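Only one structure is covered here, and it is reproduced in the block below.
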Amino acid sequence: DPQSRHKKRVVSIFRKWRRAPLNMNMVLYLNDSDWMDLKWDEGYGRDVYSRRNGRIMKWFTNKGGEIYKQQAHKRRQNYFSHHCLRFMKARSMNWTLLIDSDEFLIYNYRHPDQENVTLYDSTRKGFDHLDIERHRNEVRIIRDRLPPLTKRVSIADFLHNEQIPKPCIKLPGLQFSSLDTQPTIHVPNYYPHNNTKETIIESININNAVARNATSLLMTLRQRQAGPRREGLFSKTMINVSYGAWSQYTFENVVNVHNPNQLVCGNNGNSGSRADYIAAMFRIHHYKAGTLEAFLERSSDRRHSNQSLWERFQARDIANPTIRDDDLVPWVSWFIDKVGGMTMANHLLFDPLKETYRMFEEDPSQLLDDEEGEELLDYVNKQRRQRRMRP
């Protein structure tokens, strides 16, 4: 976000990661001019014309209006999706995933008692049931041998070994609750590598102090209730950009961030977001609200104008049933080993997070990313008072 108040802080964290010996090629865009190669208009998007009558869309005529800001938020995502795919294709890359910073890619391990075989998530409606089941059975063979995270097989390596013969993989998403889960991690019996129940300390195979540290700081460990069921109404896509001609990767072929190229990925539901959960090899974990501290750091999501959005998330999560998912837990120990131990893990991850939580305790206004967020302060202060009153 070029208008973020936290640009300096983001750059500082980015430089730490870029200097670390991780063999990662990282690119940071600080200004729209760094990546925007299409006609631009007031930092939001081009004029949009109706396909029906060729006139400019009504919502685009009032550039100060809330609907304009909401639609411009989506247009901005489309622009970046277009740029990213062409950037990767020009560099002869292959599998490319477009996700947000509150989304995490994971193997779609099977949970048979929670997967509803009658759900087709709209993209499969109208297809022959035998065809659907045939496809699901083909994918089930792969899902049954997905490597557990403790085996340290990356999804990139898995894709390379499997040689998936198609250009696009649809990824169903689990929406995780904004409510914290109890501290103990239970690794279910159907988790591929384990037939016992474990605590979080055993699961991530690090000492007690680190386990407590990770549990309190990371939303992937704090919030492990998703719901209300395993389905693919929300989805993203992974595209192998080595497929297809350069001419196929145009802005006009971007439906939205859920389906960034309809020529390569085909139809993905009317909203561009749908996937058959049971027929997916991988899935996305989406922490829509995240922790309160993380939520405050966001700039306004223009799709929602209601300033009590956090409270709405909380009320929804309290009222709706959820399912437990601990599949992602072992990533922490993998990460610590990958970066060479706790010293580097603290430097790259835990120390910046501790600083965020310290800022929240001292003065939450330091975290707010825009003026609209300031209206949340009353609620934040109420939350803080409640925390202090707990025994």
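Bear in mind these aren't lab numbers, they're just calculated from the coordinates by the rules spelled out. Bear in mind the structure is a predicted one, so any value in this text is a computation, not a measurement.
Figure the gain on full extension for His347 and Phe127 (residue separation times 0.36 nm, minus the Cα-Cα span) and round it to one decimal in nm.
Details: separation 220, 0.36 × 220 = 79.20 nm, distance 5.10 nm.
Additional length available on full extension: 74.1 nm.
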* Structure fact -> For Glu231, other-chain or 5+-apart residues with amide H closer than 5 Å (H placed, Pro excluded) are none
* To do: Output the direction-averaged projected area (hull surface divided by four) of the convex hull of the alpha-carbon atoms of the range 70-180, in nm².
  => 10.5
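How big is D, in µm² s⁻¹, for the range 227-289 by Stokes-Einstein at 4 °C and 1.567 mPa s if Rh is the Kirkwood radius over C-alpha pairs?
Numbers: Rh = 12.8 Å.
The estimated diffusion coefficient comes to 101 µm²/s.
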